[in-house]
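Student: Here it is, the structure, as C-alpha cells.
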Amino acid sequence: MKILYLGAASGTTVSHISDIIGTDGIIYAIEFSHRSGRELLNLAKKRQNIIPIIEDARHPQKYRMFLTMVDLIFSDIAQPDQARILSINANHFLRSGGFFIITIKASCIDSTLEPSLIFSKEVQKLQKENFKPVEQITLEPYERDHAMVFGKFRTKKFSP
C-alpha cells in the first residue's frame with residue numbers, strides 16, 4: 001500500500017502507520033515545518049518505508065517528482081483550507097477509487113461557529129470535489145472539536 005500523509009509533523013502517527021503497512025508499503029510524509037521535519041527525517045532513518053518530504057502541502061508540484069500514485073491520503077493539517085489542500089493533492093496523486101482520511105479541526109477553520117456546522121460544510125466541500133465520505137466520527141473526548149472523515153475518491157459509477 002502507498003500512502004501520502006499530509007501534515008506529518010514529527011512522525012508519531014506516521015510511525016504507527018509504518019508499523020501497520022510493514023516493509024511492503026510506503027509512506028510519503030509531507031511536513032512544512034523545518035523543526036518538526038528534522039524529527040521526521042530522524043524517524044525515516046530508522047524506518048525504510050517512510051519517505052520524508054519537507055515542503056508545503058499546498059504546492060504538490062514542488063514534490064511531485066518524489067511520488068507515484070497512492071492508494072490512500074491521510075490529511076492531518078491544521079489549516080482553514082485543509083479540504084482544498086486534500087483535494088489538490090488527491091487530484092495529483094490519489095488513484096481513482098482510492099481512499100482518504102481527513103482530520104477536520106473545527107477551531108482552525110472558524111472558532112466562532114459550532115463544530116458540527118463546520119464539519120458539515122467541510123464534508124460538502126469534499127463531496128463537490130469527487131470525494132465520497134463513508135464515515136464521520138468525532139474525536140471527543142480525546143480531541144475537542146475534531147472529527148475524522150473516511151471515504152473514497154472518484155468512485156466509478158456502474159452502468160447496468
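Student: In segment 109-130, how many residues are assigned to a helix (DSSP H, G or I) and either crowded, with 17+ Cβ neighbours inside 10 Å or aliphatic (A, V, I, L, M) (or both)?
Tutor: Looking only at that region, the number is 8.
Student: May I ask you to list the residues in segment 85-100 that are in a helix (DSSP H, G or I), of a type outside the set (V, I, T) and surrounded by 14 or more Cβ atoms within 10 Å (Cβ to Cβ)?
Tutor: L86, S87, N89, A90, H92, F93
Student: Give me a count of the residues in segment 1-32 that are of a type in the set (G, A, S), under 21 Å from S87 (Cα atoms) and either surrounded by fewer than 21 Cβ atoms within 10 Å (Cβ to Cβ) or modelled with pLDDT under 95 (or both).
Tutor: The number of residues fulfilling the criteria is 1.
Student: Does I30 satisfy the criteria of being over 25 Å from K152 (Cβ atoms), touching an Asp or Glu at 6+ places or on another chain (Cβ under 9 Å), among the β-branched types (V, I, T) and touching a residue at least 12 places away in the same chain (Cβ under 8 Å)?
Tutor: In short, no.
Student: Would you check which residues across segment 54-82 are surrounded by fewer than 19 Cβ atoms within 10 Å (Cβ to Cβ), within 22 Å of T103 (Cβ to Cβ) and without any contact (Cβ under 8 Å) to a residue 40 or more places away in the chain and list them?
Tutor: Selection gives I54, E55, D56, R58, H59, Q79, P80, D81.
Student: While we're here: Just need a number here: residues in segment 2-25 that are over 17 Å from N89 (Cα atoms) and not in a helix (DSSP H, G or I).
Tutor: 4
The values are calculated or read from the model by the stated rules, or taken from the named source; none is laboratory data. For clarity, every value in this text was computed on a predicted model and none was experimentally measured. Reconstructed Cβ throughout: ideal geometry from the backbone, glycine too, with neighbour counts over all protein chains shown.
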